[in-house]
1. Residues in segment 141-169, backbone N under 18 Å from the label point at Glu83 (7 Å along the Cα-to-beta-carbon vector): list them, ranges by number please.
2. In segment 117-191, which GluC sites (Glu not before Pro) are in a loop and have at most 14 other Cβ atoms within 10 Å, using DSSP for the loop call?
3. Just order 18-30, 179-191 by mean Cβ neighbour count inside 10 Å, highest at the front, would you?
4. Output wanted: per-residue J couplings in Hz (rounded whole) for segment 184-191, from phi through Karplus 6.51 cos²θ - 1.76 cosθ + 1.60, θ = phi - 60°, x for Gly and Pro.
5. Modelling each spin label as a point 7 Å along the Cα-to-Cβ direction, I'd like the Tyr3/Lys53 distance in nm, to one decimal.
6. Any idea what Rg and Dmax come out to for segment 29-173 if you just take the C-alpha atoms, in Å?
7. Taking every alpha carbon pair in the chain, what does the distance histogram look like in 5 angstrom bins from 0, in percent?
8. Cα-Cα over 26 Å: which of Lys12/Lys68; Lys108/Lys243; Lys123/Lys211; Lys70/Lys108; Lys58/Lys118; Lys41/Lys118?
Amino acid sequence: MAYASFHALEAKLRKIGFLEKYRELMRTAVELGHITPSSTKGSYIMTHHVVFKKDSDKPRVVYNASLKDKNRFSLNDTLYNGENLQRDLTYVIICFRLFRYALTADIKAMYTNIALSKESASKLRILIRLEEDGPIIECELSRLPFGLNVSPYFAIRCLRELANELPEDVRYLILIYVLLYCFYMDDLLSGSETLEGCIQLKTDLTNLLAKGQFPLTKFVSNSPEVVQPINNEELSLCSEEHKVLGMFWNPKDMTSSSSKSRSLLELSLKEIH
């Protein structure tokens with residue numbers, strides 16, 4: 001079944017003209033060590049498909065760990081999901097709206113930055129072909145993939161571990177709070193009552209997450225001083241309408257809506273009731 005699905009994926013990507021971009025993506029993953037050819041055969045092989053973000057031709061690979069094998073079990077069936085560590089979306093949004101100086105950002109390639117143990121990687125098998133006339137290769141995934149039911153738990157657990165490793169000192173209370181309560185998966189929604197506090201939060205959080213191999217990028221704020229670039233990879237915005245967790249937010253006048261007409265706060269309060 002995995003081989004038939006892989007052939008179908010190649011045929012589909014070839015038809016729409018994205019096969020080479022997909023192969024380039026997989027070649028890069030092999031070069032980085034995120035995908036490793038295996039010398040042994042696995043008992044379960046995940047299928048995968050390719051999705052594209054809106055207004056982008058850059059492919060993203062999503063793995064299907066819910067595919068049933070001949071015994072009618074999938075990899076996801078055998079994995080423990082972990083407890084729900086994700087803060088409620090309504091809570092995150094309302095708390096974000098309370099700050100005078102707002103700050104949003106996201107963690108770049110969050111899942112890809114989480115390395116797996118060799119034992120775990122050996123259970124995550126996929127098929128790839130790097131060249132048109134090349135062989136189909138069975139490989140192992142050494143990074144946390146999209147498609148595992150346990151992936152969100154591991155991602156949030158990593159942020160919590162960074163918070164747990166901070167000293168129990170008043171100087172780190174804000175950072176601990178932000179890590180535990182102001183992230184919705186890889187999206188940061190936070191801020192401060194003072195300009196200096198917001199700038200310091202951005203600096204401290206960027207440095208801390210970098211130690212955990214989580215680069216924080218795409219900063220957006222209602223204050224130009226807050227989003228001064230730290231490096232060339234940052235995207236800094238202040239006046240444009242920005243999308244935050246599916247909602248539209250205008251940093252310039254601090255208004256937000258889900259469809260240009262309903263306020264974000266109004267939507268959140270209605271969800272509570």
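1. Within reach of a label on Glu83, which here means backbone N under 18 Å from a point 7 Å along Cα→Cβ, segment 141-169 contributes 150-165.
2. On the way: sites: Glu119, Glu131, Glu132, Glu138, Glu140, Glu161, Glu165, Glu168; in loops: Glu131, Glu132, Glu168.
Taking segment 117-191 and a limit of 14 other Cβ atoms within 10 Å, the loop GluC sites (Glu not before Pro) found are Glu131, Glu132, Glu168.
3. Working: 18-30: 15.8, 179-191: 20.7.
Output ranking for 18-30, 179-191: 179-191, 18-30.
4. The phi angles translate into 10, 6, 9, 9, 9, 10, 8, x Hz.
5. Modelled inter-label distance: 3.7 nm.
6. Gyration radius and largest Cα-Cα distance of segment 29-173: 18.8, 61 Å.
7. Result returned by the calculation: 1, 5, 11, 14, 15, 14, 13, 11, 9, 5, 2, 1, 0.
8. Values: Lys12/Lys68 22 Å; Lys108/Lys243 16 Å; Lys123/Lys211 28 Å; Lys70/Lys108 37 Å; Lys58/Lys118 29 Å; Lys41/Lys118 15 Å.
Violating the 26 Å Cα-Cα cut-off are Lys123/Lys211; Lys70/Lys108; Lys58/Lys118.
Every read-out reported here was derived from the displayed coordinates using simple, explicitly stated rules and does not represent laboratory data. Fair warning: this is a prediction, and the values are worked out from it, not measured in the lab. With ideal geometry, Cβ positions are generated from the backbone for all residues, glycine too; neighbour counts draw on all protein chains shown.
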